[in-house]
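Here the structure comes first, spelled out in C-alpha cells, and everything after it is commentary.
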Amino acid sequence: MPSTNDMGPKKGALRRLRWVFLAGAVVVSAFSVAILRRGLGETAVWEGPTALAERGPLTINIMESGTIHPREQIIIRNDLERDAKIKFIVDEGKQVKQGELVVELDVTNLEQFLVERRIRVQTAESSLVYAQENLKVVENQGQADIEQAELTYKFAQQDLQKYIDGEFPRLVKAAEAKITLAAQELSRAREMHEWSRKLFEEKYLSRSELQRDELAANKADLDVQLARADVELLKDYTYTRQLDQLNSDVRQSEMALDRAKRKHAATMAQAMAELKARTARYEDEKAELKEDEDEIARAKKYAPIDGMALYASSVEDWDDDEEPIRHGALVNQQQPIIFLPTTAAFNADIKILEVNLRKIAIGMPVRITVDALSGKVFTARVAEIAPVADSDRWFTNPNLKVYNAVISLDSTDPALRNGMSCRVEILVQRHTDAVYVPIQAVTRVNRQPTVYAVEDGILVPRPVEIGLDNSRMVHVLDGLQGGETICLAPPLAPAANEHRQDDPNEPLGDPNQQGEGRS
C-alpha cells in the first residue's frame with residue numbers, strides 16, 4: 001500500500017516543473033527588455049514572441065496532490081499522561097476484531113510506583129480513622145467539661161442563696177439564743193451570789209463558798225458579753241466575708257463554664273479541621289491511585305470496532321526525523337498510533353495555495369485519479385476548506401500559505417486504501433465558447449488588466465475584462481476577439497508604473513468578476 005512518503009518524488013518533480021516555468025518567464029521578460037533597450041517605440045515593428053487569442057471550450061481547474069483517507073475513522077492514540085514505548089502492536093494491515101488487543105504501551109515504572117501509592121492510601125486512611133475517632137473523643141470530653149462547669153456554677157449560685165436566705169439567719173439566731181441563755185444564767189448566778197452573801201453575813205456559809213458563787217456570777221456575766229460579741233462579729237465581719245467568697249465562687253464558676261464552652265468550640269474546630277484535612281488527603285490519594293490504575297489500564301488499547309489496523313506513520317505525513325510506528329518505538333502524549341476506518345467512504349486531503357482560494361467553493365465537482373489504481377477516475381465534491389492557513393507549513397516556509405481542504409469521494413470502491421496518493425482536479429468553471437489567452441500575456445496598467453495586441457507589427461495596449469485562470473490560460477470576458485495576435489512578453493515600462501500604483505499582491509483576475517469561483 002502506498003504511503004504519504006511515496007509523494008516525495010512526485011512533489012519534487014512538480015517543484016522542478018514550476019522552476020522550469022518560472023525560468024521561461026524570466027527569459028521572455030529579458031527578451032522584451034532587450035527589445036525595449038534597442039529603442040522600440042509605439043511605431044516599431046514587434047519581433048518578440050506572440051500567440052493567438054484562442055476561442056473555444058475552456059476549463060478552469062486546479063490541480064493538487066493529495067492523500068486518500070477514510071471519511072470516518074477511529075484514531076487510537078497514546079492517551080497516557082507521559083511518553084511511552086510500544087510494548088506490543090498488532091501487525092499493520094491486519095483485520096482486527098472488536099475487543100482485540102491492538103497496542104500495549106510500556107508502563108513498568110508506573111506499575112512499580114503503584115505499590116507505593118497503595119501504601120500511601122492506607123496510611124491516609126488510618127490517619128482519617130484516627131481523626132474521626134479523635135473528633136468523637138473531643139466532642140464527648142468537651143460536653144463532659146461543660147456539664148461539670150455548669151453544675152459547679154449552679155452549686156455556687158445555690159450556696160450563695162443558701163447562705164443569704166438560710167445559713168446566715170440560722171447563725172444569727174443561734175448566736176442570739178446564746179445571749180439569751182447566757183443572760184438567764186447570769187441572772188440566776190447573781191441571785192445565787194446575793195443569797196450566798198446574805199448567808200455568809202449570817203455565818204451560815206464559808207468564805208470559799210461565797211467566793212465560788214461570786215466566781216460563777218462573774219463567769220455568767222462574761223458569757224453574756226462573749227455571746228453579744230459573737231453576734232456582732234457574725235453580722236459585721238463573718239457575713240461580709242462569706243458573702244464576698246460565695247459571690248466570687250459564683251463568678252469563678254461562671255467564667256469556668258465560659259472557658260469550658262470556648263475550649264470545647266476551639267478543640268472541636270481543630271479536630272474538625274484535622275478531620276477535613278485528612279479526609280482531603282485521603283480522597284486525593286485515592287483519586288491519584290485511581291488515576292494511576294486507570295492509566296495502567298489505558299496502556300492496553302483494544303479495537304473498538306472491526307477493521308484494518310493501519311499505522312499512523314503510514315497514513316499521516318511523517319517527518320524523516322520522527323521514529324516510525326513499530327514495536328519499541330517511543331510515542332508522545334496524544335500521538336496517533338493506529339487508524340481504524342469505520343466506513344467504506346473515503347475523502348482526499350489536499351492543500352490549496354492561498355492564491356487559489358478565491359476560485360474554490362464548497363460543493364464544486366472534482367475528478368480524482370489514484371496513483372496505485374491506473375485508469376480509474378473517481379468523482380467527488382469539495383467538502384471542507386480550512387478557515388486558516390496550515391501552521392505547520394508556515395514554519396517551513398513563511399512566505400507560502402496553504403489551506404487544508406477535504407474532498408469527498410462519491411465512490412466506495414473497495415480498491416481504495418487509506419494513505420493512497422492521488423491527483424485531485426477541482427473543476428471550477430467550464431465554458432463551451434470562451435476567449436482565452438496565456439496568463440503571461442496579461443499585465444496591469446493603472447490597475448487595469450491589459451493585453452498588448454499586435455496590429456500590423458505594432459504593439460497596441462488593449463484593456464480587457466478577465467475572469468478566472470487555470471494557471472496556464474486566463475478567460476477574457478471582454479476587450480479581445482478570438483484569433484487576434486497578442487504579445488507574450490508585454491513591455492515592462494508600463495508594468496513598472498503599475499507596480500508603483502497598485503497592490504502587488506492583488507490577484508490577476510478582476511475581483512469584480514470572481515463570483516463564479518469565490519469560496
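Along Cα→Cβ, 7 Å out, is where each label goes; now give me the distance between the ones at Glu54 and Gln334 in nm to one decimal.
4.9 nm
Determine the share of the range 41-132's accessible area contributed by carbon and sulfur atoms, expressed in whole percent, with a 1.4 angstrom probe.
Values: 2400 of 5200 Å².
Taking all protein chains in place, the range 41-132 shows 46 percent carbon and sulfur surface.
Roughly to the nearest percent, how much of the accessible area of the range 275-342 is carbon and sulfur, given a 1.4 Å probe?
The C+S portion of the solvent-accessible surface of the range 275-342 is 48 percent.
DSSP loop chymotrypsin sites (Phe, Trp or Tyr not before Pro) in the range 135-244 with at most 16 other Cβ atoms within 10 Å of their Cβ, which ones?
Tyr204
Kindly provide the GluC sites (Glu not before Pro) of the range 172-262 that DSSP labels as loop, not H, G, I, E or B, and whose Cβ sees at most 13 other Cβ atoms within 10 Å.
Here the GluC sites (Glu not before Pro) that fit, given the DSSP loop and packing criteria, are Glu202.
Suppose all protein chains stay in the model; what accessible area per residue would a 1.4 Å probe give for the range 293-338, in Å²?
For the range 293-338, the per-residue accessible area is 50 Å².
Rg/Rh for the range 170-243: what does it come to with C-alpha atoms and Rh from Kirkwood?
1.23
Please list, in order along the range 361-369, the HN-Hα scalar couplings obtained from phi with the Karplus expression 6.51 cos²θ - 1.76 cosθ + 1.60 (θ = phi - 60°), rounded to whole Hz, x for Gly and Pro.
These are the phi-based 3J(HN,Hα) values: 9, 4, x, 4, x, 9, 10, 10, 10 Hz.
Could you list, in their original order, any pairs among Lys136/Lys263; Lys173/Lys235; Lys85/Lys351; Lys97/Lys376 whose Cα atoms are separated by more than 21 Å?
In this structure, Lys85/Lys351; Lys97/Lys376 lie more than 21 Å apart at Cα.
For the range 235-373, with equal point scatterers placed on the C-alpha atoms only and solvent neglected, what are the log10 I(q)/I(0) values from the Debye formula at q = 0.11 1/Å, to two decimals?
Log-scaled intensity ratios, in q order: -0.82.
How large are Rg and Dmax for the range 285-347 when only the alpha carbon atoms are used, in Å?
15.2, 47
To the nearest whole percent, what portion of all C-alpha pairs in the range 313-438 is separated by more than 23 angstrom?
In whole percent, the long-distance tail amounts to 47.
Where in the range 225-242 does the amide nitrogen come within less than 11 Å of the point 7 Å from the Cα of Ala183, taken along Cα to Cβ?
228
Roughly speaking, what is the centre-to-centre gap between the range 174-194 and the range 442-472 when only Cα atoms are used, to the nearest Å?
Here the answer is 156 Å between Cα centres.
List the trypsin sites (Lys or Arg not before Pro) in the range 245-354 that DSSP assigns to loop (not H, G, I, E or B) and whose Cβ has at most 14 other Cβ atoms within 10 Å. Which are they?
Numbers: sites: Arg251, Arg259, Lys261, Arg262, Lys263, Lys276, Arg278, Arg281, Lys286, Lys290, Arg298, Lys300, Lys301, Arg326, Lys351; in loops: Arg326.
Of the trypsin sites (Lys or Arg not before Pro), the ones in loops of the range 245-354 whose Cβ has at most 14 other Cβ atoms within 10 Å are Arg326.
The values are calculated or read from the model by the stated rules, or taken from the named source; none is laboratory data. Computed from a predicted structure; not experimentally measured. In this analysis, Cβ positions are derived from the backbone assuming ideal geometry, glycine residues included, and neighbour counts consider all displayed protein chains. Ligands, DNA and RNA are excluded from the accessible area calculation, which covers all protein heavy atoms including side chains. Shrake-Rupley method; radii C 1.70, N 1.55, O 1.52, S 1.80 Å.
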